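Below is one structure, written out as structure tokens, with a few remarks after it.
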């Protein structure tokens, strides 16, 4: 642990026990490091008793304020906390019941140190295969439940009617097919944004073009995308409605690919260099479910191929979905998580 952890830990413990003495520990807090966290956790929260929100930064607080959701900054001293990160160290009292889940589907990056996950009572992952991989890495807290963020695509929340405002906002021409470009963080070494960003205006003459990028993407790229009037740059934390409106995804190495695969739509991926936290399994999976390309010319041809035969890799996508989500693409992942959390809380309260 870094020195700052201990600098935070002991004052936090003192604060937590002081609140306990006053009987003012909140029963259940949801910790949000980013607006995306709320999007991921919302399908769980709706099945829980009332919760409080503790936000890491002003950006996240502003997002909740715009939704008229009361919230506070850290520190928070709850009895129970839920998050979609592995930041249990921010709630460094053993008596706190801690629950976590992924902010992206499946493990598109290697698991970090086992202690980061074993600090949780339960840490929810998307499939039994992930549990096996976690256990092989000495992680014992994982449970397979699917991916709550995808629930609206499968429980009827997002449908032709509810997608209309998103179609209108993006100004999608119904006579054109829709492409969605996505990329991971440019400093990860796995982003292909430089291979297509300058070509977007030419594609916008033929297709509807949507773009979503990693939250940590450098401002130089964000500014360039914001300046393109013929595309729709998705800045909302929840890109799922736009995934449902798109016909083809062009990507590199990001967990949002798993979401598009779950929707059973054609995918094109740029081959990017191997990185330390890039699992060999994921690279093999991408080769199976997508058309792999190296440059814009290959990508342009691949788009035409995907549109001409969108079912070409359907069997591979279905196999990948079984691996990444088991049989959990049913719109009930959030409910499963909530039920397991409440059961764990009740069992622990009976033990003590």
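The values are calculated or read from the model by the stated rules, or taken from the named source; none is laboratory data. Since we're looking at a predicted model, the values are computed, not measured. All Cβ positions, glycine included, derive from the backbone under ideal geometry; neighbour counts span all protein chains shown.
Here are some notes:
- Members of the stretch 323-352 found to be modelled with pLDDT under 95, surrounded by fewer than 20 Cβ atoms within 10 Å (Cβ to Cβ) and not in a helix (DSSP H, G or I), listed by number: 326, 327, 352
- Exactly one residue among 26, 70, 75, 43 is touching a residue at least 12 places away in the same chain (Cβ under 8 Å), more than 21 Å from residue 118 (Cα to Cα) and over 26 Å from the mean Cα position of the chain (by Cα), and that residue is 26.
- Residue list for the stretch 90-114, filter: closer than 30 Å to residue 280 by Cα and buried (at least 18 other Cβ atoms within 10 Å of the Cβ): 99, 100, 101, 102, 103, 104, 105, 106, 107, 108, 109, 111
- Test for residue 81: is it assigned by TED's automatic domain parsing to the domain that holds residue 13, surrounded by fewer than 23 Cβ atoms within 10 Å (Cβ to Cβ), touching a helix residue (DSSP H, G or I) at 6+ places or on another chain (Cβ under 6 Å) and closer than 19 Å to residue 344 by Cβ: no
- Qualifying residue in the stretch 218-229 (condition: touching a helix residue (DSSP H, G or I) at 6+ places or on another chain (Cβ under 7 Å), more than 29 Å from residue 162 (Cα to Cα), without any contact (Cβ under 8 Å) to a residue 60 or more places away in the chain and part of a loop (DSSP other than H, G, I, E, B)): yes
- Tally, over the stretch 166-190, of residues that are out of contact with any helix residue (DSSP H, G or I) (no Cβ under 8 Å at 6 or more places or on another chain) and in contact (Cβ under 8 Å) with a residue 60 or more places away in the chain: 6
- Of the residues 263, 203, the single one that is closer than 22 Å to residue 310 by Cβ, touching a strand residue (DSSP E or B) at 6+ places or on another chain (Cβ under 8 Å), at pLDDT 95 or above and surrounded by fewer than 21 Cβ atoms within 10 Å (Cβ to Cβ) is 203.
- Total residues in the stretch 134-161, condition over 19 Å from the mean Cα position of the chain (by Cα) and in contact (Cβ under 8 Å) with a residue 60 or more places away in the chain: 1
- Boolean, residue 210 is part of a strand (DSSP E or B), touching a residue at least 60 places away in the same chain (Cβ under 8 Å), surrounded by 21 or more Cβ atoms within 10 Å (Cβ to Cβ) and on the phi < 0 side of the Ramachandran plot: no
- Of 241, 237, 273, all but one fail to be surrounded by fewer than 18 Cβ atoms within 10 Å (Cβ to Cβ) and within 20 Å of residue 154 (Cβ to Cβ); the exception is 237.
- Test: residue in the stretch 270-287 that is over 18 Å from the mean Cα position of the chain (by Cα) and in a strand (DSSP E or B): yes
- One residue alone among 311, 320, 302 is surrounded by fewer than 20 Cβ atoms within 10 Å (Cβ to Cβ) and not assigned by TED's automatic domain parsing to the domain that holds residue 125, and that residue is 311.
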